[in-house]
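A quick write-up on the structure given underneath.
The values are calculated or read from the model by the stated rules, or taken from the named source; none is laboratory data. What you are looking at is a predicted structure, and each value in this text was computed from that prediction instead of being measured. Glycine gets a Cβ as well: all are built from the backbone with ideal geometry, and neighbour counts include every protein chain shown.
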Amino acid sequence: MKFKKALITGITGQDGSYLAEFLLKKKYIVHGIKRKSSSFNTSRIDHIYDNKKYKNKFFLHYGDLSDANSLIEIIRSVQPNEVYNLAAQSHVGVSFQLPNYTTQVNSIGALNLLQAIKDSGFSKKTKFYQASTSELFGEIQEKKQSEKTKFYPKSPYATSKLFAYWITKNYRESYGMFASNGILFNHESPRRGETFVTRKITIGLSKIIYGLEKCLYLGNIYSLRDWGHAKDYVEMCWKVLQFKRPDDFVIATEKQYSVKFFVEQCFKYLGIQIKWFGKGINENAKIIKFNQTKYPNLKKNMTVVRISKKYFRPNEVSNLIGNANKAKRLLKWSPKRSIQHLIKEMMDSDLELIKKIYISQN
Ligand code: NAP
Ligand code: G4F
């Protein structure tokens, strides 16, 4: 039996690690591109690499989206059936400070990869998935955003991803490549990068619980997002490439919550009652009721959340919610995990992580 080969860029990231697990379970041979880093960057995939079961099924290659030669080399040697381009400078806030770098990686990187497939003579053999994003909708032009909604990117990140979206379509139309865009709304997990807001909240509250920090500082807590679970969403990346033709799909839960709601739900899960005071930059949350025996490091009236100007962006996307009807209809998909499930999983995982750090320090 011949196994399918997949190549994943961004395999060391949140989605890359879940997608690798998903594809290995589907009996794929999985190749991943990791970039050179001065410190370890494989913690999300070490458990796969170390698993004897995957000894001849999981391979890592050094490469970088900004290094076209490395991509050509890898495509030629791997000859993948499917390429998932998940690598990116994926932080919207950071993209304002690194606009050029973000564009090099996210725009030119996607082009380099498409061109590597074409130049290697695999345009008709290799399917290509581009990790597009709900950030393309930015200043929203419709209440719920679908594949038909006009784009209005509001950051260097979103603008760079807009190029990647169009170049993917362009290679599909110009060279008959099976090249598709998954326009994914926010998706989170215990493996989410620590500077994205959901993980920042779950890790921040865990540190407060263990007395390692006193307060969590956030930016715009009134921002609204459509948050799904990364595990549900990587299944979609795969489904997008199994569809009978290349196409573009919005993937979303169609439910919307504020950052403030996410904070409140995390405290609720912990059994801690908080109350909000003040307005604007002075808004803050204090602890009102909690179990002192369970949480010895907390105090009544302790301020646990404050607002900091530092986390506001020069141009904010304050309202996103998707319409995933097309994916539901054509790919027979609907998300399995709720926001409550997500919060429980993330809080439990971060409490465990911070407990280990606390024990090692005491
Ligand atoms: P992530 O955790 O930030 O992972 C990004 C990955 O890209 C990491 O493996 C990173 O390597 C790699 N990378 C960065 N620059 C690279 C370069 N120059 N060459 C090669 N690899 C590079 O992101 P994610 O949350 O998994 O998201 C996956 C993709 O989906 C990204 O393209 C993101 O923009 C897009 N997306 C994400 C969401 C979401 O809510 N998560 C929603 C829509 C779209 P290191 O580990 O070495 O840093
Ligand atoms: O968690 P975030 O940084 O995610 P954002 O900007 O929505 O981008 C993520 O989702 C996109 C899909 O729509 C992806 F394409 C992208 O790669 C990334 O994965 O911020 C969410 C919201 C924003 O409105 C932000 O301003 O939370 C607000 N926020 C409030 N305080 C904060 C903070 N965001 C961060 N990162 N840190 C804060 O302290």
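The table that follows gives values for the structure above.
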{"quantity": "Residue match in the stretch 267-286 (condition: hydrophobic (A, V, I, L, M, F, W, C), closer than 25 Å to residue 321 by Cα and surrounded by 15 or more Cβ atoms within 10 Å (Cβ to Cβ))", "calculated": "yes"}
{"quantity": "Count of the stretch 95-116 residues which are surrounded by 20 or more Cβ atoms within 10 Å (Cβ to Cβ) and out of contact with any helix residue (DSSP H, G or I) (no Cβ under 6 Å at 6 or more places or on another chain)", "calculated": "2"}
{"quantity": "Matching entry among 313, 337 (being touching a Gly at 6+ places or on another chain (Cβ under 6 Å), closer than 30 Å to residue 133 by Cβ and either modelled with pLDDT under 95 or in a loop (DSSP other than H, G, I, E, B) (or both))", "calculated": "313"}
{"quantity": "Single residue of the stretch 81-94 satisfying the filter (surrounded by fewer than 24 Cβ atoms within 10 Å (Cβ to Cβ) and more than 15 Å from ligand 2 (Cβ to nearest atom)) that is nearest to residue 154 (Cα to Cα)", "calculated": "82"}
{"quantity": "Helices (runs of 4 or more DSSP H) within the stretch 1-116 that include 3 or more residues touching a residue at least 40 places away in the same chain (Cβ under 8 Å)", "calculated": "14-25, 68-78, 92-95, 99-103"}
{"quantity": "Pairs where the first residue, in the stretch 203-220, is basic (Lys, Arg) and the second is assigned to a loop (DSSP other than H, G, I, E, B), C-beta under 6 Å, 6+ apart", "calculated": "207/213"}
{"quantity": "Filtered residues of the stretch 174-193 (kept if surrounded by fewer than 19 Cβ atoms within 10 Å (Cβ to Cβ) and within 11 Å of ligand 2 (Cβ to nearest atom))", "calculated": "193"}
{"quantity": "Residue in the stretch 287-300 that is touching a residue at least 12 places away in the same chain (Cβ under 8 Å), surrounded by fewer than 15 Cβ atoms within 10 Å (Cβ to Cβ) and either within 11 Å of ligand 2 (Cβ to nearest atom) or among the small types (Gly, Ala, Ser) (or both) present", "calculated": "no"}
{"quantity": "Subset of the stretch 38-65 that is under 21 Å from residue 106 (Cα atoms) and under 20 Å from the mean Cα position of the chain (by Cα) - its residue that is surrounded by the fewest Cβ atoms within 10 Å (Cβ to Cβ)", "calculated": "41"}
{"quantity": "Hits in the stretch 205-248 - residues which are closer than 30 Å to residue 360 by Cβ and of a type in the set (Ser, Thr, Tyr)", "calculated": "206, 210, 217"}
{"quantity": "Any chance residue 254 is touching a strand residue (DSSP E or B) at 6+ places or on another chain (Cβ under 9 Å), surrounded by fewer than 18 Cβ atoms within 10 Å (Cβ to Cβ) and within 30 Å of residue 20 (Cα to Cα)", "calculated": "yes"}
{"quantity": "Some residue of the stretch 150-173 being touching a residue at least 60 places away in the same chain (Cβ under 8 Å), near ligand 1 (Cβ under 9 Å from one of its atoms), in a strand (DSSP E or B) and buried (at least 22 other Cβ atoms within 10 Å of the Cβ)", "calculated": "no"}
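Per-residue answers, yes or no, for (1) in a loop (DSSP other than H, G, I, E, B); (2) of a type in the set (A, V, I, L, M, F, W, C); (3) away from ligand 1 (no atom under 16 Å from the Cβ):
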{"position": "192", "(1), (2), (3)": "yes, no, no"}
{"position": "202", "(1), (2), (3)": "no, no, no"}
{"position": "206", "(1), (2), (3)": "no, no, yes"}
{"position": "214", "(1), (2), (3)": "yes, no, yes"}
{"position": "221", "(1), (2), (3)": "yes, yes, yes"}
{"position": "234", "(1), (2), (3)": "no, yes, no"}
{"position": "237", "(1), (2), (3)": "no, yes, no"}
{"position": "241", "(1), (2), (3)": "no, yes, no"}
{"position": "244", "(1), (2), (3)": "yes, no, yes"}
